[in-house]
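In what follows, a structure is listed as structure tokens, so that the remarks can point back to it.
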Amino acid sequence: MFHYVYILRSIKDNNFYIGYTIHLRKRLAEHNHGAVVSTKPYVPWKLIHYEAYRNEKDARRREKYLKTSQGSRLLKRMLKEYLYHDNR
């Protein structure tokens with residue numbers, strides 16, 4: 001079983017959301033059906049990046065890091081090409 005760290009982008013206002021799950025497709029559907037309180041106001045969401053880990057501890061550590069300011073800077077560098085092309 002894989003543990004996923006994922007990044008969503010709101011189609012409505014371009015907000016980002018970083019999360020963790022073991023059921024990636026199911027979790028994306030929950031976000032898009034308004035079942036997640038913190039993301040409901042920003043529906044619909046698009047999955048723009050995910051990473052798979054063999055154990056929960058590594059995935060949770062990565063999720064926590066990506067939510068820091070240093071992790072946010074890394075994300076912007078990682079997704080620079082996607083973000084640039086998506087906004088053209």
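No value in this document is a laboratory result; all are computed from the given coordinates. It should be emphasised that the depicted structure is a prediction, and the values quoted were computed from it without experimental measurement. Cβ sites come from the backbone with ideal geometry, for glycine too, and all protein chains shown count toward neighbours.
Regarding I18, is this residue among the aliphatic types (A, V, I, L, M), under 23 Å from L83 (Cβ atoms), touching a residue at least 60 places away in the same chain (Cβ under 8 Å) and outside any helix (DSSP H, G or I)? First the steps, then the outcome.
Working: among the aliphatic types (A, V, I, L, M): yes; under 23 Å from L83 (Cβ atoms): yes; touching a residue at least 60 places away in the same chain (Cβ under 8 Å): no; outside any helix (DSSP H, G or I): yes.
It is false that I18 is among the aliphatic types (A, V, I, L, M), under 23 Å from L83 (Cβ atoms), touching a residue at least 60 places away in the same chain (Cβ under 8 Å) and outside any helix (DSSP H, G or I).
Within region 16-39, can you find the residues that are surrounded by fewer than 13 Cβ atoms within 10 Å (Cβ to Cβ) and charged (D, E, K, R)?
Selection gives R25, K26.
Of the residues that sit in region 34-72 and are under 13 Å from the mean Cα position of the chain (by Cα), part of a helix (DSSP H, G or I) and hydroxyl-bearing (S, T, Y), which one is farthest from L8 (Cα to Cα)?
Y65
Criterion first (within 17 Å of M1 (Cβ to Cβ) and β-branched (V, I, T)) does I48 satisfy it? Steps first, answer last, please.
Values: within 17 Å of M1 (Cβ to Cβ): no; β-branched (V, I, T): yes.
No; evaluated as a whole, the condition is false for this residue.
Just to check your reading of the model, which residue among R27, R9 is among the basic types (K, R), in contact with a strand residue (DSSP E or B) (Cβ under 8 Å, 6 or more places away or on another chain) and outside any helix (DSSP H, G or I)? Give the steps one after another, and end with the answer.
Details: R27 fails: outside any helix (DSSP H, G or I).
Just one listed residue meets the conditions, R9.
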